[in-house]
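Each value in this text was obtained by applying a stated rule to the coordinates, not by laboratory testing. Because the structure is predicted, anything quoted here is derived from the model rather than measured. Cβ placement follows ideal geometry from the backbone for every residue including glycine, while neighbour counts extend to all protein chains displayed.
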Amino acid sequence: MIVKRSSAADMVAEAEILCQQSVSVQYIRVSKPGAGNDLELFDVETPDVSTPPIEVESLSIEISRSESAVKCSTSIQSAIRHTTRNPNFLPCIRSGSHTDIGARRLNEDEHVRIDDLSAHLGPLYRWPVPSSFYGVFDGHGGSAASAYVKDNALRFFFENADLPQTPVIDEAFLGELERSHQRAFLLADQALADDCTIDATCGTTAITALVLGNYLLVANAGDCRAVLCRKGDAVQISHDHRPSCQYERKRVEDLGGLIEYGYLNGEISVTRALGDWSLKLPYGPTSSPLTAEPEIHQVVLTEDDEFMIIGCDGIWDVMSNQDAVSIVRQELMMHNDPHECAKELVNQALLREKNDNLTAIVVCFTAPPIPSRRPKLRCLTLSDDARNRLRSLLQGN
């Protein structure tokens, strides 16, 4: 992720969000941007023919010298649905990851991948199974901030943030789960300020995904992204926090920040990040236009949900959500190995001449196919003499 503006030349950034089909919303819990820890519960009926669902096929965002105000996609909420079908569905978790330095001198990306969180943390933690945790941290200004958050992620999210523990998921648990994730992001942000070994110009974007039973919680601050594959269609779960997003731009300007050439205060290409205290201190930790407060989405997984991709902006800057989903899905059909899928996704991004670090995690929600028990057929070759003798035998000679 390039965050420092080198000149005042015209700059154009383009982003594309593809949505294969509109999906009706039945239930979704979200944290409203800029609303602190308040939660709102939306209960929306399936739209009938008189109220067609919103469809977003593509959205192009341009930031030019005139800095025209643009709108970012609001179709994420309408693409994430809750279903009451088969409430006993439980995903079978397996994952793989890959990272590449790209054309950079230093890989500032870090990631966390834990398929069995309960086994990793020990018997004192009581949650539904399966329980898994993933994170991608895209650093800038050096790798110190992203490495620090990665190394201390379990402490921030599962020790210091008062994460609730229960074998049963209910509304109270879900609300506290969101609040604990918000606290974890802010704790990590403050820890970067308190650590004297980390430069104040160093920071990182962050996205995390927590799976508890058939619930998926994604928390994001920055422009890393999580995308779900639902029956082959790409469903974006997280928002990209960039100055090109209209509600992020408004939030920044309401707090006294400026958007210059597509950069917050002419300095950084995202509007949410951990660290970067050289930009936050002039405003104070609670009123800075650059905030570490995450945006949180919860999804109820169903049999339709095949896998999830979590990637840094180096992936999404060069391919659409649907392209990434199609690449991974095709790879799974070939070898069913999420590690190889993540590697191929990164390699495909490299082929598109991206000069950024690249990191991708592929999390599968379905079990691998059971190997066939039929005996393998062996292919034998015959010598010329044996072939002639067999031919004579078959001809009755």
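May I ask for the net charge around V211, where only other residues with Cβ less than 13 Å from the Cβ of V211 are counted and Lys, Arg are +1 while Asp, Glu are -1?
Spelling it out: positives minus negatives among the neighbours equals -1.
Suppose we take every Cα in segment 182-243 and form the convex hull; what volume per residue is that in Å³?
107 Å³
Report, by chain and number, residues whose modeled amide H sits under 5 Å from the one on R94, excluding near sequence neighbours (fewer than 5 apart, same chain).
C364
I'd like the per residue volume of the convex hull spanned by the Cα atoms of segment 142-189, given in cubic angstrom.
So the per-residue Cα hull volume is 65 Å³.
What is the sum of charges, Lys and Arg at +1 and Asp and Glu at -1, for the other residues whose Cβ falls under 12 Å from the Cβ of S143?
Neighbour charge sum, excluding S143 itself: -3.
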